[in-house]
Amino acid sequence: MKRFIYGLLMLAGSSALLAAQLYRWVDEKGNVEWRDTPPPLTAKKVEQRKVGATPAPGGELPYSLQLAVKNFPVTLWTTSCGDACDKARAHLSRRGVPHTEKNPQSDFETFKKVTGGSEVPVLFVGNNRVKGYLEPDWDAALDVAGYPKTALVQVKPKPAPDSPQKPAPAAGPVRLYTNTQCGPNCDEARKLLAGRGIGFQEIAVETPPQIEDLRKLSGDTFVPVLVSGRFVVRGFSPSEYNRALDESGHRREQ
């Protein structure tokens, strides 16, 4: 026992080592605890692991993380909206937050009802709603809910319950939002669609109502914006355009 206590004290004196360790134990009530600090002397079945190493048995989450998920489940409403949505996903990944990701295009009326608007991304931590992406606001919401500041285990977003795997969809209509000031990006977007032989509706965004409609659709007013099935791609990226077209049923000729 003395050797064990001495070993724990040695670990506590080495911050570099602690930063790389994760401890698992069973407390006096039979609960499984996962923490990045050594366990109390009353702990049973103590295990020590490297952070980011083999996942816990059976996909088990650290107990503190289980409590946060149970009391404050996290949902992220997002699309392919560019930098803000990319940062939103990266933020949850960096903190190791289990979450459900939903695309508002699958049910836009429900999205507007629960979020009170039409912009993305929107984060729900329990009943706490955070609109848009600002790192301090997101950290504050997650801190209050008890989520770790850095990932204890690697997690992936859960698919939304209303978005099960489905067969490849039939090709639907394609819309391209542009305006007269768009320049080369809009030209390249038109060329890509024409090169794939895809008929599309081009919508010139010029009037205030049209600009507001675009903001509701993509979360911003930048053009071009491609809409194909459930995909909304802001700006012009050949890889993103091709992926959206492929996955919405516009298969390329072999």
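The values are calculated or read from the model by the stated rules, or taken from the named source; none is laboratory data. Everything numeric in this text was worked out from a predicted model, so none of it was measured. Counting neighbours? That spans all protein chains shown, and the Cβs are built from the backbone with ideal geometry, glycine included.
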- Identify all residues within region 225-244 that are more than 24 Å from residue 180 (Cα to Cα) and touching a residue at least 60 places away in the same chain (Cβ under 8 Å); write none if there are none. 229, 230, 244
- Message: Among the numbered criteria (1) modelled with pLDDT under 80; (2) assigned to a helix (DSSP H, G or I); (3) among the β-branched types (Val, Ile, Thr), which one does residue 37 miss?
- Response: (2)
- Task: Tell me, yes or no, whether region 209-221 has at least one residue that is hydroxyl-bearing (Ser, Thr, Tyr) and either closer than 23 Å to residue 70 by Cα or at pLDDT 90 or above (or both).
- Result: no
- Counting only residues that are charged (D, E, K, R) and touching a strand residue (DSSP E or B) at 6+ places or on another chain (Cβ under 9 Å), which one in region 92-111 is nearest to residue 218 (Cα to Cα)? 102
- Being under 9 Å from the mean Cα position of the chain (by Cα) and touching a residue at least 24 places away in the same chain (Cβ under 8 Å) is the filter; apply it to region 68-88 and report the residue that is surrounded by the fewest Cβ atoms within 10 Å (Cβ to Cβ). 87
- Query: Is it the case that residue 224 is over 22 Å from the mean Cα position of the chain (by Cα), buried (at least 19 other Cβ atoms within 10 Å of the Cβ) and not assigned by TED's automatic domain parsing to the domain that holds residue 77?
  - Reply: yes
- Query: When residues of region 124-145 are filtered for being exposed (fewer than 14 other Cβ atoms within 10 Å of the Cβ) and at positive phi, how many remain?
  - Reply: 0
- Report yes if residue 174 is out of contact with any His (no Cβ under 8 Å at 6 or more places or on another chain), surrounded by 12 or more Cβ atoms within 10 Å (Cβ to Cβ) and at pLDDT 90 or above, otherwise no. no
- Taking residue 206 as the residue in question, decide whether it is modelled with pLDDT under 90, more than 24 Å from the chain's Cα centre (by Cα) and of a type outside the set (A, V, I, L, M). no
